[in-house]
1. Would you mind stating whether ASN403 is of a type outside the set (Phe, Trp, Tyr) and open to solvent by 70 Å² or more (accessible area, probe 1.4 Å)?
2. Within the stretch 187-215, can you find the residues that are within 14 Å of LEU230 (Cα to Cα), surrounded by fewer than 22 Cβ atoms within 10 Å (Cβ to Cβ) and in contact (Cβ under 8 Å) with a residue 40 or more places away in the chain?
3. For the structure I just gave you, tell me whether THR318 is open to solvent by less than 40 Å² (accessible area, probe 1.4 Å), within 16 Å of the ligand (Cβ to nearest atom) and in contact (Cβ under 8 Å) with a residue 24 or more places away in the chain.
4. Being in the same structural domain as LEU149 (by TED's automatic domain parsing), touching a residue at least 12 places away in the same chain (Cβ under 8 Å) and in a helix (DSSP H, G or I), is that true of even one residue in the stretch 44-57?
5. From LYS325, LYS271, LYS342, which residue is of a type outside the set (Gly, Ala, Ser), under 21 Å from TYR394 (Cα atoms) and open to solvent by 30 Å² or more (accessible area, probe 1.4 Å)?
6. Please find, among ASN34, ASN39, the residue that is in the same structural domain as THR224 (by TED's automatic domain parsing), closer than 22 Å to MET155 by Cβ and in contact (Cβ under 8 Å) with a residue 40 or more places away in the chain.
7. Filter the stretch 7-40 down to residues that are in a strand (DSSP E or B), open to solvent by 10 Å² or more (accessible area, probe 1.4 Å) and of a type in the set (Val, Ile, Thr), then give me how many there are.
8. Could you tell me which numbered condition LYS236 fails, if it satisfies all but one of (1) within 24 Å of the chain's Cα centre (by Cα); (2) modelled with pLDDT under 95?
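The values are calculated or read from the model by the stated rules, or taken from the named source; none is laboratory data. All of these numbers come straight from a predicted model, not from anything done at the bench. Neighbour counts are summed over all protein chains in view; Cβ atoms, including those assigned to glycine, are modelled from backbone coordinates with ideal geometry. These area figures cover heavy atoms from the full protein model, side chains too; ligands, DNA and RNA do not enter into them. Shrake-Rupley method; radii C 1.70, N 1.55, O 1.52, S 1.80 Å.
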Amino acid sequence: MNNTDPIEIAPNIFFIGVFDPDIRTFDIIMKTANGSSYNAYLIKTSEGVIIVDTVKLEFQEQFFKKIEKLCSYDEIKYVICHHLEPDHAGAIPELMERASNAKVLISPQATAMLKAITHKENIDFETVWTNKSLKLGNKTITFLTTPYLHWPETMSSYIVEDKLLFSGDVFGSHYYDKRVFDDLVGDFFYAFKYYYDHIMRPFKTYALNAIKLYDKLEIDIIATLHGPILRDNPQKYINYYRKWSQPNQKVISNGEKILSIFYLTSYKNTKDMAEAIYEGADSVEGIVANVYDLASIEESNMINILEESDGILIGTPTINADAPKPVWDLLSCMMLLEKRGKVGGAFGSYGWSGEAVDMIIHRLKSLNFRVPPLQYMKIKLIPTKEELKDCYNYGVEIAEVLNGKMIELTMN
Ligand code: FEO
């Protein structure tokens with residue numbers, strides 16, 4: 001078998017994706033030690049051909065060679081695009097040139113993206129969503145609206161006769177192995193989990209909504225957009241996502257709200273503020289407050305703490321008119337998390353300018369944290385007893401907000 005051979009994954013359903021064994025970084029942030037694949041599929045029906053997704057632009061010639069081994073372009077009636085990120089949409093423009101009779105099927109949210117990819121106004125396309133279906137010859141495909149997994153336009157579909165789910169990016173792995181099926185490839189579980197953590201974890205609620213739709217189906221095979229095709233008890237992969245996507249599983253509280261106070265300190269002043277805020281917050285019933293020194297915390301621990309926290313306060317000094325790198329590192333972890341409903345705030349001691357706290361507040365707001373319009377805790381150099389009392393009161397106020405006290409949020 002070479003890279004130009006299609007692989008039949010179910011009767012008349014073929015893998016026509018491409019392998020990228022040498023990629024080592026995906027989407028800038030993900031390490032891909034085992035490479036990856038851009039999976040695409042071709043369905044032969046008694047009345048024509050359906051293409052399911054395409055591949056990254058630089059690999060399109062391999063993709064077209066596989067199509068040409070199975071059909072002529074005139075036979076292609078539909079192109080189903082579950083996701084329009086360039087790793088799957090790269091070959092769409094050329095495919096639309098070659099298969100000029102084909103109609104593109106996308107989610108409604110993908111309409112503007114399709115136009116931006118093809119730069120054409122006269123594309124033959126139709127939008128589809130849950131409960132809509134396509135019957136072509138002997139194959140029936142039903143569509144499932146599964147947005148934000150992990151882009152707004154993502155969707156899934158299901159071939160009724162073959163009990164085959166095209167999941168989109170969901171259940172994928174960045175893991176190249178030309179043997180293709182989960183029961184034939186090497187141990188890819190680390191890649192499956194890593195992919196979930198970096199791509200799907202911020203969208204847990206949407207993953208659970210998608211699983212509600214998948215639960216209504218009998219699934220024998222899951223054809224993903226990256227990595228192994230899942231046919232060995234596919235339900236177990238759905239159950240992993242179900243388990244990992246549960247709302248915050250708090251191990252340190254029994255229903256209390258968790259406030260995590262992170263700080264970085266040069267001369268102990270911001271640390272003293274953090275401890276006073278902690279004392280205030282922890283004095284409020286129903287709150288579990290914790291303090292963490294950002295200079296000594298591993299990123300993976302930070303992510304877990306952030307995830308289970310209902311509120312986050314960040315204490316930062318100002319150095320050269322900026323917040324130091326560990327503070328920005330903490331904020332960059334937020335891209336891996338669902339932030340909906342979390343309360344945020346910032347504080348810090350400064351020497352002569354003090355911009356860092358404002359920067360952090362601004363960043364928290366842009367990340368959609370609920371930032372109460374309380375007075376920012378910015379203190380020049382060494383906090384006085386009165387200022388530490390203010391910090392204590394700030395902790396109390398934040399704790400009360402976490403307990404449900406109504407606040408008016410400012411957007412900027
Ligand atoms: Fe594999 Fe979101 O693209």
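1. Values: of a type outside the set (Phe, Trp, Tyr): yes; open to solvent by 70 Å² or more (accessible area, probe 1.4 Å): yes.
Yes; evaluated as a whole, the condition is true for this residue.
2. PHE188
3. Details: open to solvent by less than 40 Å² (accessible area, probe 1.4 Å): yes; within 16 Å of the ligand (Cβ to nearest atom): no; in contact (Cβ under 8 Å) with a residue 24 or more places away in the chain: yes.
No.
4. yes
5. LYS271
6. Within the list ASN34, ASN39, the selection yields ASN39.
7. Residues meeting the conditions: 3.
8. It is condition (2) that LYS236 fails.
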